[in-house]
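The values are calculated or read from the model by the stated rules, or taken from the named source; none is laboratory data. Note that this is a predicted model, so its numbers are computed, not measured. FYI the Cβ positions are ideal-geometry reconstructions off the backbone, even for glycines, and counts take in every protein chain you see. SASA here: full protein model, heavy atoms, side chains in, ligands and nucleic acids out. Shrake-Rupley method; radii C 1.70, N 1.55, O 1.52, S 1.80 Å.
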Amino acid sequence: MEDKIQLIRKIAPDLTEEMIKRYRVLKTVRLLQPCGRRMVVLALGMTERTVRSEIERFSVQKLVQVSKTGMTVTEEGIEVLDGLDKIFSVMTGLSVLEEKLAKLLGVKRVLIAQGDADCSERSRKEMGQLAMRHLLEKTNDKSCIAITGGTAMEDLVLATPEMTKPMAKMIVPARGSIGRKMELQADTLAVKLAEKLQSEYRLLHLPDNLSETALEEMKKQPEIFETIQEMDKANILLLGVGNALDMAEKRRLDEEVKAYLAQNDAIAEACGYYFNRSGEVLYRTRSIAIDFNEIKKMDEVIVVAGGEKKAESILAVCQSIPSGVFVTDEGAALKMINLLEA
């Protein structure tokens with residue numbers, strides 16, 4: 001397919017660029033909907049005149065519906081986007097970038113969203129959609145899915161459609177709850193994902209950094225014990241990646257631990273594990289969570305993290321998950337390639 005697209009580019013370069021432009025406008029409306037034209041203009045950096053012209057065309061074609069609450073993509077528009085995704089991945093060069101990065105990282109697969117999540121909500125939401133689609137390809141009514149917390153996981157859950165039949169058997173949090181934002185905690189996201197996938201779920205109401213005695217006592221509680229048993233059955237893991245020192249602050253680790261992490265060049269955090277640039281585990285929080293040493297046994301590990309600022313963190317974590325599928329964006333992907341080829 002790539003060779004054919006190159007032939008089209010040669011004979012009609014203006015046409016292919018026009019197609020890419022229209023595809024990006026329609027896809028951005030879907031990612032941000034319901035939205036106004038101004039949001040699309042800011043997300044894409046196009047002129048308002050260009051966006052208005054394309055929206056009017058899509059409206060006539062019944063691909064976009066415009067109302068007082070904002071623009072939304074119709075069912076027909078969604079079919080068009082889904083049908084063209086692979087073609088435009090090749091046309092925009094993302095498929096080449098995905099293959100190159102997967103080879104450099106030594107991982108199973110890489111999926112890349114356009115833009116940089118550090119400065120683009122559109123990129124964040126596209127990562128969520130890419131991760132969601134891959135999840136739906138891999139899950140079935142016998143699957144047990146474990147999910148971590150954070151904004152990347154929230155975007156995945158928000159992108160997941162309401163299913164009419166069970167798409168997984170069980171959804172569990174991959175770790176205890178942390179932070180003050182309930183909507184970003186693993187427990188909360190597990191419930192929301194279970195509702196959308198028509199699945200059962202279990203909860204794990206446990207903070208980080210309990211004493212060893214308190215942690216062992218909590219494990220004996222029937223509800224906690226049942227959740228731990230279900231976590232041990234998880235065959236799909238949805239994993240977010242954070243900056244080590246930022247996450248240490250959010251989790252309110254002891255000053256002594258934070259100093260240790262800083263002195264030892266901690267760069268990444270995932271599921272309570274803190275990694276240095278070489279991918280070595282420096283520290284693990286005292287909490288109930290998916291054991292990183294066991295994830296190699298899982299059928300699928302989907303890691304979602306983007307933004308140029310997280311490039312080094314993703315590189316550190318990927319060394320522990322060679323069989324993982326990494327969903328990221330252009331900002332992080334290009335930075336990782338530069339670091340790996342330097």
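Just so you know, in region 256-269 the residues that are under 19 Å from LEU340 (Cβ atoms) and either under 23 Å from the mean Cα position of the chain (by Cα) or without any contact (Cβ under 8 Å) to a residue 12 or more places away in the chain (or both) include one that is surrounded by the most Cβ atoms within 10 Å (Cβ to Cβ), and it is ALA268. Among residues of region 187-215 being among the aliphatic types (A, V, I, L, M) and part of a loop (DSSP other than H, G, I, E, B), the one that is modelled with the lowest pLDDT is LEU210. Only residues that are in a helix (DSSP H, G or I) and either surrounded by fewer than 17 Cβ atoms within 10 Å (Cβ to Cβ) or not hydrophobic (A, V, I, L, M, F, W, C) (or both): list them for region 105-122, please. Once the filter is applied, which keeps residues that are in a helix (DSSP H, G or I) and either surrounded by fewer than 17 Cβ atoms within 10 Å (Cβ to Cβ) or not hydrophobic (A, V, I, L, M, F, W, C) (or both), region 105-122 yields GLU121, ARG122. Scanning region 133-155 for residues that are assigned to a helix (DSSP H, G or I) and farther than 16 Å from VAL110 by Cβ gives LEU136, THR151, MET153, GLU154, ASP155. Tell me whether region 289-303 contains one or more residues that are in contact with a Leu (Cβ under 8 Å, 6 or more places away or on another chain) and either free of Cβ contacts under 8 Å to residues at least 60 places away in the same chain or closer than 23 Å to MET218 by Cβ (or both). Looking through region 289-303, at least one residue is in contact with a Leu (Cβ under 8 Å, 6 or more places away or on another chain) and either free of Cβ contacts under 8 Å to residues at least 60 places away in the same chain or closer than 23 Å to MET218 by Cβ (or both).
Residues in region 48-75 that are open to solvent by less than 80 Å² (accessible area, probe 1.4 Å) and outside any helix (DSSP H, G or I): LEU63, VAL64, SER67, GLY70, MET71, THR72, VAL73, THR74. If you go through region 76-94 and keep only what is under 16 Å from ARG133 (Cα atoms) and open to solvent by less than 30 Å² (accessible area, probe 1.4 Å), you end up with LEU81, ASP85, SER89. Across region 11-46, the number of residues qualifying as among the hydroxyl-bearing types (Ser, Thr, Tyr) and at pLDDT 85 or above comes to 2. Could we say that LYS125 is in contact (Cβ under 8 Å) with a residue 60 or more places away in the chain, surrounded by fewer than 15 Cβ atoms within 10 Å (Cβ to Cβ) and in a helix (DSSP H, G or I) here? Judged against the criteria, LYS125 is not a match.
None of GLY272, GLY306 is under 21 Å from the mean Cα position of the chain (by Cα), modelled with pLDDT of 95 or more and open to solvent by less than 20 Å² (accessible area, probe 1.4 Å) except GLY306. Set side by side, the residues ARG122, ARG175 differ, and just one is closer than 19 Å to GLU308 by Cα, touching a Ser or Thr at 6+ places or on another chain (Cβ under 7 Å) and of a type outside the set (A, V, I, L, M), which is ARG122. Before we move on, is LEU136 surrounded by fewer than 19 Cβ atoms within 10 Å (Cβ to Cβ), among the hydrophobic types (A, V, I, L, M, F, W, C), under 19 Å from the mean Cα position of the chain (by Cα) and at pLDDT 90 or above? In short, yes.
With respect to THR227, determine if the residue is buried (at least 17 other Cβ atoms within 10 Å of the Cβ), in contact (Cβ under 8 Å) with a residue 40 or more places away in the chain, touching a Lys or Arg at 6+ places or on another chain (Cβ under 6 Å) and over 20 Å from ALA311 (Cβ atoms). So THR227 fits the description; yes. Taking the listed residues LEU315, LEU339, LEU282, the one that is open to solvent by 10 Å² or more (accessible area, probe 1.4 Å) and in contact (Cβ under 8 Å) with a residue 40 or more places away in the chain is LEU315, with no other qualifying.
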